[in-house]
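First comes the structure, then the notes that go with it.
The values are calculated or read from the model by the stated rules, or taken from the named source; none is laboratory data. Computed from a predicted structure; not experimentally measured. Glycine also receives a Cβ, built like all others from the backbone with ideal geometry; neighbour counts cover every protein chain displayed.
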Amino acid sequence: DSGPVLVTVRIFDKDDGYRDYHKYFHVLNLPPWGYFAVERTVAEGQSFPLSILNARDASQADIEAGFEYAFDCGDGLSEFSTSSSVVCPGRDAGVVWVTGVVRDKDGGERAYNASVTV
């Protein structure tokens, strides 16, 4: 998990004497990742799903806590929730830029962007 970690090293000499050294390191929070599933082409007026599949994280504690997700169907980013998918409403013909964001318990976020041709 991210945050400060105390590392102790004990160094022995040839006479079995030793000295301990202590050092704090700060572990950085890596953002989670997943597969952003998007239908790249849809018919005019047809709704379409956005999903972030198989979300993972370098931290087992973050995996166990679960993730939050937010989506933008072309009209602004939604609030974060535990749902990893959303259905976007149908659109008029054109290109719609969409986004999916996955967030871990420490606030690490990864955003994915794609275009959908209507």
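Hey, can you tell me all the residues within segment 107-118 that are under 15 Å from Val38 (Cα atoms) and crowded, with 19+ Cβ neighbours inside 10 Å? Across segment 107-118, the qualifying residue is only Val116. In this structure, Phe71 does satisfy being in contact with a Leu (Cβ under 8 Å, 6 or more places away or on another chain) and at pLDDT 95 or above. The set of residues in segment 1-54 being free of Cβ contacts under 8 Å to residues at least 40 places away in the same chain and in contact with a Cys (Cβ under 9 Å, 6 or more places away or on another chain) consists of Pro49 alone. Asp92 passes every criterion in (1) touching an Asp or Glu at 6+ places or on another chain (Cβ under 9 Å); (2) buried (at least 17 other Cβ atoms within 10 Å of the Cβ); (3) touching a residue at least 40 places away in the same chain (Cβ under 8 Å); (4) not hydrophobic (A, V, I, L, M, F, W, C) apart from (2). Within segment 58-89, if we keep just the residues that are under 16 Å from Asn29 (Cα atoms) and surrounded by fewer than 15 Cβ atoms within 10 Å (Cβ to Cβ), the residue that is nearest to the chain's Cα centre (by Cα) turns out to be Gly66. Considering Ala61, Ala111, Ala65, the condition of being modelled with pLDDT under 95 and of a type in the set (A, V, I, L, M) is satisfied by Ala61 alone. The single condition among (1) modelled with pLDDT of 95 or more; (2) surrounded by 11 or more Cβ atoms within 10 Å (Cβ to Cβ); (3) more than 14 Å from Val118 (Cβ to Cβ); (4) out of contact with any Pro (no Cβ under 6 Å at 6 or more places or on another chain) that Asp104 does not satisfy is (4).
Pairs are defined by a Cβ separation below 6 Å, a sequence spacing of at least 6 or placement on different chains, a first member in segment 63-87 that is within 17 Å of Gly107 (Cα to Cα), and a second member that is of a type in the set (Lys, Arg) and in a loop (DSSP other than H, G, I, E, B); the pairs so defined are Ala65/Lys105.
Would you call Ala55 in contact with a Leu (Cβ under 6 Å, 6 or more places away or on another chain), buried (at least 18 other Cβ atoms within 10 Å of the Cβ), part of a strand (DSSP E or B) and of a type outside the set (D, E, K, R)? Here the answer is no, as Ala55 does not meet what is asked.
Say whether the condition of being surrounded by 11 or more Cβ atoms within 10 Å (Cβ to Cβ), under 29 Å from Ser115 (Cβ atoms) and not aromatic (Phe, Trp, Tyr) is met by at least one residue in segment 10-29. No - not one qualifying residue is present in segment 10-29.
For segment 82-106, which residues satisfy the criterion of being assigned to a loop (DSSP other than H, G, I, E, B) and over 16 Å from Gly34 (Cα atoms)? Pro89, Gly90, Arg91, Asp92, Ala93, Gly94, Asp106, listed by residue number.
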